[in-house]
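**Student:** Can you keep this structure in mind? I'll have questions shortly.
No value in this document is a laboratory result; all are computed from the given coordinates. Remember, it's a predicted structure, so these values are computed and weren't measured experimentally. All Cβ positions, even for glycine, are placed from backbone atoms using ideal geometry, and neighbour counts span all protein chains on display.
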Amino acid sequence: MTINDVRRALKGRVILPGDDGFEQASTAWNLTVRQPVAAVVEAADADDVAALVRYARRTGLTVTAQPSGHGASGEVEGLILLRTGLLNEVEVRAEERVVRVGAGATWGQVLQATGPLGLTGLAGSAPGVSVTGYTLGGGVGWFSRRYGFASDSVRAFDIVDADGGQARVSAESDPELFWALRGGGGDFALVTALELDLFPAPTLYGGRVVWPEHRTRQVYDAFLELTAEAPRELSVWINRLQPPGGSPIVTLDLAYLGEEVYAQDLLTRLDAIGDAIADTRGVLPVAELGRIAAEPTDPAPSIIRAELLTGLHADAVESLLAKPVAPLINVQIRHLGGALAEPAAGASGALAEPYLLSMVGLGLPHTADATRAKQAEVVADLGALVSGRKPYTVLSPGDTAAQAFDDGTLARLREIKRDRDPHHVLRANYPVLG
């Protein structure tokens with residue numbers, strides 16, 4: 001079978017280097033990541049995915065799947081890039097509190113469907129991110145302190161295995177593969193759809209408060225006080241922002257899954273910090289969850305580095321505040337803990353670390369080296385507080401899957417990979433054997 005045979009067999013598109021649209025189809029969401037793939041296949045349905053895998057199996061090729069390319073690593077030379085964006089169905093079964101989601105659907109689509117029903121999935125902070133890629137990697141978002149990893153909310157996966165066979169995977173039908181797919185990444189099968197539990201969200205309170213740079217110390221103090229006693233329904237993230245061409249600012253992003261009156265009572269200390277430039281706090285429809293952090297929705301060249309922190313003592317805060325953010329755009333710390341610190345049912349495990357540090361800078365040719373150097377400097381200044389582990393969904397180019405798992409979990413995932421895909425027909429963005 002040749003690539004032309006595949007073209008005739010698929011309902012979707014096969015795009016080769018030199019074809020119109022190849023560059024756009026092969027581009028990752030992060031424009032600094034290059035993807036020198038051998039072909040791009042835009043699948044129309046699960047049968048297309050299965051046919052492609054059978055072709056790759058026969059010809060000794062490898063398939064890597066990306067709905068949107070948000071988690072791209074760039075390690076894809078010579079691979080077939082499978083785009084699943086057309087598999088974007090969303091079916092809500094409100095009486096069961098379940099949503100069935102196609103591999104290409106985004107969290108924004110899901111929340112638009114579930115929010116009016118007073119329900120939510122365990123979404124991340126950016127509505128344009130695919131549900132499937134996010135969930136396969138565990139998924140840490142606004143409601144994770146209350147309910148844990150998004151991957152633990154999966155009831156079942158529809159998959160195509162490394163031989164091109166289609167199956168439904170659940171705890172009953174295939175417990176070992178089900179465990180691996182819940183947080184272990186996409187190295188073991190291609191997911192074409194998944195079913196997720198939904199959770200009550202009758203009221204959501206959230207928003208962002210912005211202060212000028214000279215209030216940074218007070219905002220950090222408030223952040224540490226809040227996170228020391230926050231109930232699981234409250235998540236708070238702090239950002240030191242250096243907008244390109246603008247003045248440095250400090251912000252708190254927050255979401256409270258509950259009534260406004262309780263949220264306001266928890267957050268009264270913020271009102272004592274003067275000079276707020278903006279304050280968007282208020283009751284939000286679940287479908288507008290992405291407004292809180294207001295993360296970019298369009299592709300851009302960026303360099304991102306994330307690290308888990310074992311704590312934030314006074315000296316650590318001093319090191320974070322002693323130097324300017326530039327040349328970075330943002331130095332963010334997210335409060336974790338709560339349900340995330342408890343053992344997960346899937347491969348994600350538990351996150352003992354209470355904070356997640358994320359550093360973002362432009363990936364332009366004249367800024368890239370300075371961005372990476374600054375990120376390394378921040379990590380060095382924090383010293384032993386950096387645990388060395390990081391959630392799978394925040395791995396960046398240069399990271400490996402080994403950084404996301406403890407030794408026992410990684411060994412188990414590698415054994416499942418060898419058993420289910422001995423010929424390496426499938427490859428995740430961050431493979432467990434890579």
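**Student:** What's the whole-number percent of alpha carbon pairs in segment 202-282 lying beyond 20 angstrom?
**Tutor:** Roughly 28 percent, once rounded to a whole number.
**Student:** Let me ask something else. For segment 295-359 and segment 75-144, what is the centre-to-centre distance using only Cα atoms, to the nearest Å?
**Tutor:** Segment 295-359 and segment 75-144 have Cα centres spaced 22 Å from each other.
**Student:** With θ set to phi - 60° and the Karplus curve 6.51 cos²θ - 1.76 cosθ + 1.60, what are the ³J(HN,Hα) couplings of segment 255-266 in order, to the nearest whole Hz, using x for Gly and Pro?
**Tutor:** Each residue of segment 255-266 in turn: 9, 10, 8, x, 6, 4, 4, 6, 5, 4, 5, 5 Hz.
**Student:** What does the charge add up to near Leu312, with Lys and Arg as +1, Asp and Glu as -1, over the other residues with Cβ less than 14 Å from its Cβ?
**Tutor:** Once all neighbours under 14 Å are counted, the net charge is -4.
**Student:** Moving on. Give the long-range amide H neighbours of Ala39: residues separated by 5 or more places, or on another chain, with amide H under 5 Å away, using H modelled in the peptide plane at 1.01 Å from N.
**Tutor:** HN-HN under 5 Å from Ala39: Leu81.
**Student:** If I compute semi-axes √(5λ) of the Cα gyration tensor in Å from the structure I just sent, which labelled value in (i) 36, 24, 20; (ii) 45, 26, 19; (iii) 32, 29, 19 lines up?
**Tutor:** It is the one labelled (i).
**Student:** Still on this structure, please answer the following. Mind giving me the FRET efficiency for Ile277 and Arg97? R0 is 30 Å, r the Cβ-Cβ distance, nearest 0.05 is fine.
**Tutor:** E(calc), rounded to 0.05, equals 0.15.
**Student:** Let me ask another. Among rounded, prolate and oblate, which fits segment 288-364 when a ≥ b ≥ c are the square roots of the eigenvalues of its C-alpha gyration tensor, a/c under 1.5 means rounded, and a/b larger than b/c means prolate?
**Tutor:** oblate
**Student:** Just to confirm the filter: which GluC sites (Glu not before Pro) across segment 150-204 are DSSP coil and have at most 11 other Cβ within 10 angstrom of their Cβ?
**Tutor:** Sparse-neighbourhood loop GluC sites (Glu not before Pro): Glu172.
**Student:** Just to confirm my numbers, what's the Cα centroid distance between segment 372-419 and segment 190-261 in Å?
**Tutor:** Each part's Cα centre sits 24 Å from the other's.
**Student:** Right, next: With every atom except the alpha carbons ignored, what do you get for Rg and Dmax of segment 1-108, in angstroms?
**Tutor:** Considering segment 1-108 through its Cα atoms, Rg and Dmax are 14.8, 49 Å.
**Student:** Turning to a different aspect of this structure: Could you give me D for segment 237-283, from Stokes-Einstein at 25 °C and 0.890 mPa s, where the hydrodynamic radius is the Kirkwood radius over C-alpha pairs? Units µm² s⁻¹, please.
**Tutor:** 198
**Student:** Using only Cα atoms, what Kirkwood radius does segment 123-253 have, in angstroms?
**Tutor:** So the Kirkwood estimate lands at 17.3 Å.
**Student:** Spelling out what I want: for every residue of segment 323-339, take phi, set θ = phi - 60°, compute 6.51 cos²θ - 1.76 cosθ + 1.60 (Karplus), and round to whole Hz; glycine and proline get x.
**Tutor:** 10, x, 5, 4, x, 6, 9, 8, 10, 10, 10, 9, 7, 10, x, x, 5
**Student:** Report, by chain and number, residues whose modeled amide H sits under 5 Å from the one on Ile329, excluding near sequence neighbours (fewer than 5 apart, same chain).
**Tutor:** Here the answer is Val360, Gly361, Leu362, since their amide H atoms fall under 5 Å of that of Ile329.
**Student:** Next question. Along the principal axes of its C-alpha atoms, what lengths does segment 204-394 span, in descending order and rounded to whole Å?
**Tutor:** Its Cα atoms span 48, 43, 36 Å along the three principal axes.
**Student:** Sorting Leu86, Leu254 on the 10 Å Cβ count, fewest up front, what's the list?
**Tutor:** In increasing order of surrounding Cβ atoms, one gets Leu86, Leu254.
**Student:** Right, something else. Once you have the alpha carbon radius of gyration of segment 344-412, what is it after dividing by 2.2 N^0.38 Å, with N set to its residue count?
**Tutor:** Rg over 2.2 N^0.38 Å, computed on Cα atoms: 1.29.
**Student:** Using only the alpha-carbon atoms, what does segment 136-192 span along each of its principal axes? Please give whole angstrom values in decreasing order.
**Tutor:** Computed over the Cα atoms, the extents are 38, 21, 16 Å.
**Student:** Counting other beta carbons within 10 Å of each Cβ, put Ile159, Ile273 in order, fewest first.
**Tutor:** Ranked by crowding around the Cβ, least crowded first: Ile273, Ile159.
**Student:** For Asn429, which sequence-distant residues (separation of 5 or more, or a different chain) have an amide H within less than 5 Å of its own amide H, given hydrogens modelled in the peptide plane?
**Tutor:** Gly186
**Student:** Next up: So if each residue of separation counts as 0.36 nm, and I subtract the Cα-Cα distance between Ala384 and Phe22, what length gain in nm does that give?
**Tutor:** Roughly 125.8 nm would be gained on extension.
**Student:** With θ set to phi - 60°, apply the Karplus curve 6.51 cos²θ - 1.76 cosθ + 1.60 along segment 344-351 and write out the HN-Hα couplings as whole Hz, x wherever there is a Gly or Pro.
**Tutor:** 7, 6, x, 6, 4, x, 10, 9
**Student:** Starting from the Cα of Gln112, step 7 Å along the direction of its Cβ; do the same at Ala294; then give the gap between the two resulting points in nm.
**Tutor:** If labels sit at Gln112 and Ala294, their model points lie 2.2 nm apart.
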